[in-house]
Amino acid sequence: MIRLKHAAMAISCAAVLAGCAPSTEAVLETGKSAVALRSFQQRAFDTTDMEKTLRTVIATLQDLSFVVDKADLDLGTVSATKLSGYQVRITVTVRPRGAAQLLVRANAQYMDKAIEDPKPYQDFFAALEKAMFLTAQQVD
Amino acid sequence: MRRCQPACAGIVALGLTVLGGCATIPQDALQLAPDSLERRQMQTRRIDGIDEKRLLAAAAGVLQDLGFNIDESETKLGVIVASKDRSAFTASQVVAAIALGMLGAPTSIDKTQKIRVSLVTRPALAADGTPRPDSHLIRITIQRVVRNTGDQITRIESIEEPKIYQEFFERLSKSIFLEVQSI
């Protein structure tokens, strides 16, 4: 009986802690401010060649063991998934920045969580700039 | 009731750890692996003498020969994405499951797998960085998710067996030959 009571208490404690926010809050949830996210999720490159940049993004994702999910030249997006005992999904967008640059932005999730740690994005841009033969420039 | 509180807190803490704590990304997830060049070579071939659109058409034909369905394509970027669902039963697992079942320990075995392929072409470059005419690199990457008889995921992995890539590219050469012959 005591065990049952303990279990009931534990369940209700968990319900109180976890249950006050509906899970739909996840739709608009972010861990960090948009400014903070962009600071490490995007970089500028000195090129205006959308097609070549997107093709290089795709090649880089393949180098990182991703399988492409979708790609769209007109919209400038590529989405891909990596399975390696875990799942990482990434979306990369490419769009013009001023007259002489392209802005590349990546956002990724690991299992059921957004990746909001700068390190994986730094790794991604390090791989991308090698393949681009161009420097990935920090944007404010 | 008071005696219950530490236990309750412990269980809640454990629950939160399980829910939130284990989801840290492996540090090398977006890093170029030391063997990435080797893998690129295994997954890539240079194909000469055919334009990109017809190369993609020939490749789509090979995917169909292998029973894949095309999920997405963007020919302007040289991308085809395809997948197929297949059985994941293996004789050794079935035998082991029957043996364990007879010993009174019923066990789940791998049942289905979803195999996904992305196939990407891009212009091959000459030494001076300009595209070589009618010369392309084609690279495929393959992955799969395996589910067991209890519908739980048992494997999520990239497929990296050289034999599979070799065979795919052999079939592709034949398909390209037919594609070139058909004009």
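The values are calculated or read from the model by the stated rules, or taken from the named source; none is laboratory data. Computed from a predicted structure; not experimentally measured. Cβ placement follows ideal geometry from the backbone for every residue including glycine, while neighbour counts extend to all protein chains displayed.
Tabulated values for the structure
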| read-out | value |
| --- | --- |
| Subset of segment A:82-105 (residues that are within 30 Å of B:R147 (Cα to Cα) and buried (at least 19 other Cβ atoms within 10 Å of the Cβ)) | A:K82, A:L83, A:V88, A:I90, A:V92 |
| Test: residue in segment A:36-46 that is surrounded by fewer than 16 Cβ atoms within 10 Å (Cβ to Cβ), more than 7 Å from chain B (Cβ to nearest Cβ) and within 15 Å of A:L128 (Cβ to Cβ) | yes |
| Among (1) in contact with a His (Cβ under 7 Å, 6 or more places away or on another chain); (2) at pLDDT 95 or above - the single one B:L56 does not satisfy | (1) |
| Tally, over segment B:142-183, of residues that are surrounded by 12 or more Cβ atoms within 10 Å (Cβ to Cβ), touching a residue at least 24 places away in the same chain (Cβ under 8 Å) and outside any helix (DSSP H, G or I) | 12 |
| Scope segment A:77-115; condition at the interface with chain B (Cβ under 10 Å from one of its Cβ atoms) and part of a loop (DSSP other than H, G, I, E, B); matching residues | A:S84, A:G85, A:Y86, A:M111, A:D112, A:I115 |
| Test: residue in segment B:147-166 that is within 26 Å of B:D48 (Cα to Cα), among the polar types (S, T, N, Q) and touching a helix residue (DSSP H, G or I) at 6+ places or on another chain (Cβ under 8 Å) | no |
| Single residue of segment B:101-142 satisfying the filter (more than 30 Å from B:V180 (Cα to Cα) and within 12 Å of chain A (Cβ to nearest Cβ)) that is nearest to the chain's Cα centre (by Cα) | B:K114 |
| Residue within segment B:88-106 that is among the hydrophobic types (A, V, I, L, M, F, W, C) and either within 21 Å of A:V67 (Cβ to Cβ) or assigned to a strand (DSSP E or B) (or both) present | yes |
| Residues (more than 7 Å from chain B (Cβ to nearest Cβ) and either touching a helix residue (DSSP H, G or I) at 6+ places or on another chain (Cβ under 7 Å) or buried (at least 18 other Cβ atoms within 10 Å of the Cβ) (or both)) located in segment A:52-65 | A:T53, A:T56, A:V57, A:T60, A:L61 |
| Long-range neighbours under 7 Å by Cβ, at least six apart or interchain, first residue under 20 Å from B:Y165 (Cα atoms) within segment B:111-134, second crowded, with 17+ Cβ neighbours inside 10 Å and aromatic (F, W, Y) | B:V117/B:F68 |
| Matching residues in segment A:88-111 - criterion: being over 12 Å from the mean Cα position of the chain (by Cα) and either of a type in the set (D, E, K, R) or more than 22 Å from A:A136 (Cα to Cα) (or both) | A:R95, A:R97 |
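Quick grid of which residues meet (1) among the hydroxyl-bearing types (S, T, Y); (2) farther than 30 Å from B:I50 by Cβ; (3) touching a Ser or Thr at 6+ places or on another chain (Cβ under 8 Å):
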position	(1), (2), (3)
B:L77	no, no, no
B:I80	no, no, yes
B:F89	no, yes, no
B:V94	no, yes, no
B:A127	no, no, no
B:L137	no, no, yes
